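What follows is a short report on a single structure.
Quick note: the coordinates plus some simple rules give every number you see, no bench work behind them. Predicted model only: the values in this text are computed from it and were never measured. So basically every Cβ, Gly included, is an ideal-geometry build from the backbone, and we count neighbours across all protein chains shown.
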Ligand code: PMP
């Protein structure tokens, strides 16, 4: 049964049942995970109710149909991200996609003394897998510095690429903590100019920016469905098919083999080679519905809507004395819809607690980016992040509450 066409921006908030259940909710934590439109929820429920069977075991029609539905999402993702379908591997999330590259590529290609070049602002998901695999291979992980205003220091990047034995670059495309949009094309060109492959962590880019991954040219690109209106339990590793063909498997098991003998096995071509076991079938189908939804809204419109909210928020919050805002001036660097801040004299968790009392959800903490927090010399920040269902009225509510919180902490 056809799913309802999404409402256009900015009316699309009506498509998200969470706001019917919580009419006063101001949800400003989409960088952690996004809310789901009814179209996604229905796609999952309908699949279980009408079409459910395991896939790739097509002895009967129900299973063939489930397989077609699942594989059609690979085609959708290919179109959406501008990459060939054979280059799309479904993982559990962005974290697992980084681990896949770290173990499949890193164990084979890293050796003693080699450097994996990351950024100081990385999410732990793009640090810890490299620590683990570099540790196994005697390689080391070095970080490109960030500028005081939260950009990647491009001089330091060029310098480290030129002077260290870098075997792989692994950088975020967009910062989850500050919203900085890094110059991805330039990062790729510089790495390739040195003959070094590059992984981009697109967990915070894919939900918010129109992407053309073939044009971008990164060797590996990772993302999560749950941050882009889709369900949890699904992510993607996107790579050129010839890059995937050269990689050994990551997990072993059913569905990823060609032939198995008691003492050895041979492996399927990618992407199956990297999809061992029964995948998150319903969730992948839900992810397909999320991609349909975002495509119908238009990623250019999504981006424009968030930019409007970002600029309005920076204007509103920028005028509050006693509030420190982090991240680059949008006149200096591209920013996505993320505003990190602290209230003078208050812990970020207390600020988030007060905001929660007022029905406003923000995140507080180190945002899985402890090296970044150290570079900023703070223990934590509060973070408001925007998505398609947010409105200027949400920003007004946040600003009004923050004015009261600043006053409260100013008086104590
Ligand atoms: N990278 C970045 C920049 C992120 O923001 C996140 C999620 N906070 C991740 C990676 C990891 O995503 P997931 O937890 O879905 O694997």
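On the principal axes of its alpha carbon atoms, segment 252-332 extends 70, 30, 22 Å, with the longest extent given first.
Between residue 411 and residue 370, the contour length at 0.36 nm per residue exceeds the Cα-Cα span by 11.7 nm.
For n ≥ 4 DSSP H runs only, could you compute -39500 (n - 2.57) per run for the chain, divide by its residues and tell me the 222 nm figure to the nearest 500? After summing the helix terms and dividing by the residues of the chain, the value is -11500 deg cm²/dmol. Note on the chain: antiparallel DSSP beta bridges, both residues inside, total approximately 60 percent of the bridges counted. Working note: Cα atoms of segment 278-412, range along each principal axis, descending, whole Å: 54, 33, 33.
With neighbours defined as other Cβ atoms within 10 Å of a residue's Cβ, the residues 366, 226, 21 order from fewest to most as 21, 366, 226.
Counting every C-alpha pair in segment 254-297, the share spaced more than 11 angstrom apart comes to 71%.
Within segment 111-147, list the residues whose amide N lies under 14 Å from a label point set 7 Å along Cα→Cβ of residue 163. Residues passing the 14 Å test: 143-145. Computed extension length for residue 112-residue 50: 17.0 nm, one decimal, from 0.36 nm per residue of separation with the Cα-Cα distance subtracted. Contact order for the chain, expressed relative to its length and based on alpha carbon pairs under 8 Å spaced 6+ residues apart, stands at 23 percent. Applying 1/(1 + (r/R0)^6) with r as the Cβ-Cβ distance of residue 60 and residue 278 and R0 = 22 angstrom yields a FRET efficiency of 0.85. Backbone N atoms of segment 196-237 closer than 13 Å to the 7 Å Cα→Cβ label point of residue 189 belong to residues 216-217. Measuring between their Cα centroids, segment 342-356 and segment 13-89 lie 35 Å from each other.
Summary of packing: across the peptides 253-266, 155-168, 340-353, the per-residue average of other C-beta atoms within 10 Å ranks them, highest first, as 340-353, 155-168, 253-266.
Which shape class applies to the chain: rounded if a/c is under 1.5, otherwise prolate when a/b exceeds b/c and oblate if not, where a ≥ b ≥ c are the square roots of the Cα gyration tensor eigenvalues? Oblate shape, in that a/c is at least 1.5 and b/c is the bigger or equal ratio. Cβ-Cβ distance of residue 324 and residue 24, R₀ of 25 Å, FRET efficiency by 1/(1 + (r/R0)^6): the value works out to about 0.35.
Computed from the C-beta positions of residue 315 and residue 145 and an R0 of 25 Å, the FRET efficiency is 0.25 to the nearest 0.05. Counting neighbouring beta carbons within 10 Å and listing from fewest to most, the residues 227, 295, 13 come out as 295, 13, 227.
Of all DSSP bridge pairs formed entirely within segment 45-185, close to 20 percent run antiparallel. Rounded, prolate or oblate: which fits segment 95-175, taking a ≥ b ≥ c as square roots of the Cα gyration tensor eigenvalues, rounded meaning a/c under 1.5, else prolate when a/b beats b/c? It comes out oblate by the Cα gyration axes.
A full extension of the chain between residue 246 and residue 350 corresponds to an added length of 32.5 nm, given 0.36 nm per residue minus the alpha carbon distance.
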